[in-house]
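Read through the structure below, which is laid out as structure tokens, and then see the notes.
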Amino acid sequence: MKLIETTPDVLGNTVNLYYEDLGRGKTVIFIHGWPLNHAMWEYQLAELPKHNLRCIAYDRRGFGMSDYPWEKYDYDTFAGDLKALIDQLHLTDITLVGFSMGGGEIARYIGKYGSDKISKIVLISSVTPFMLNTNDNSEGVDKEVFDEMVESISKDRPAFLADFGKKFYGVSLFNDAISEQMLAWNQSLCLMSSHKATIDCVRAFSETDFREDLSKINVPTLIIHGDEDKIVPIEVSGNRTSMMLPNAKYLIYEGAPHGLFITEKDKLNMDLIDFINGNHS
């Protein structure tokens, strides 16, 4: 197994993070969404290394094959974990690709540590800039929505994840967006996460304000969002992020759900390759 150790906390505790490292060339780090792990990037990791790209994908703490600590599921910690990966592997000239809550890691990393080692970023179905409805963020989602998610996870996590997976990929009575087998695979990945991490990350991605972090982004950026996303609605996220980053390239995938890394995998791969290899006009 390939593991890196995170920076020790005040008690001297470290967390081991599992990662995959495939291909040669420009470095691309893939940051997965909730409640999945690095394996969600299967179709990107199968294609992008063919195009002179070194692809690194890791499991967030509490997910996949990384350690499952009891505490510290917050974005300052997640950004520190990303920094530990970058530092220990001696990486530079990196493209960061974050899906959903993974977009928050990118924003917070640049907010805390700057972009000296980062050349480009990609935000896919991202939770930026701020998901929660508050007095100064009236376009956000009501807290009750996230409270209900936590309650359902606490009551029956497998049942919640099964229903969530269908919404995630836009599956309905009238739309077989992905196969039953793909849904089962998705469920197996989700169940590899710890119960505690699954709940704590709902609070993290819904309650963290990334607006100040986004103001510090100064590298070429690609934003991709589906206009049928029912998990992270485009009006709350992609549209607003693009307004905060007016120089970013913004691609709206018509009819695409949240999990477009599967439903639109070929188009996504082409757009990623074009952007990373230099075509970001």
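The values are calculated or read from the model by the stated rules, or taken from the named source; none is laboratory data. Quantities reported herein were computed from a predicted structural model and do not represent experimental measurements. Note: ideal-geometry Cβ built from the backbone for every residue, glycine included; neighbour counts use all protein chains shown. For the accessible areas, the whole protein counts, side chains as well, though only heavy atoms, and no ligand, DNA or RNA atoms are used. Shrake-Rupley method; radii C 1.70, N 1.55, O 1.52, S 1.80 Å.
The residue that is most open to solvent (accessible area, probe 1.4 Å), counting only those in region 222-279 that are among the acidic types (Asp, Glu) and assigned to a helix (DSSP H, G or I), is 266. When residue 100 is tested against (1) over 13 Å from the mean Cα position of the chain (by Cα); (2) at pLDDT 95 or above; (3) hydroxyl-bearing (Ser, Thr, Tyr), exactly one condition is not met: (1). For region 53-103, the set of residues classified as aromatic (Phe, Trp, Tyr) and in contact (Cβ under 8 Å) with a residue 60 or more places away in the chain consists of 63, 68, 70, 73, 75, 78, 99, listed by residue number. Taking region 27-52, which residues are farther than 20 Å from residue 65 by Cβ, touching a residue at least 60 places away in the same chain (Cβ under 8 Å) and open to solvent by 10 Å² or more (accessible area, probe 1.4 Å)? 27, 47, 51, 52, listed by residue number. What tally of residues in region 118-133 results from selecting those that are open to solvent by 30 Å² or more (accessible area, probe 1.4 Å) and in contact (Cβ under 8 Å) with a residue 24 or more places away in the chain? Within region 118-133, residues that are open to solvent by 30 Å² or more (accessible area, probe 1.4 Å) and in contact (Cβ under 8 Å) with a residue 24 or more places away in the chain number 1.
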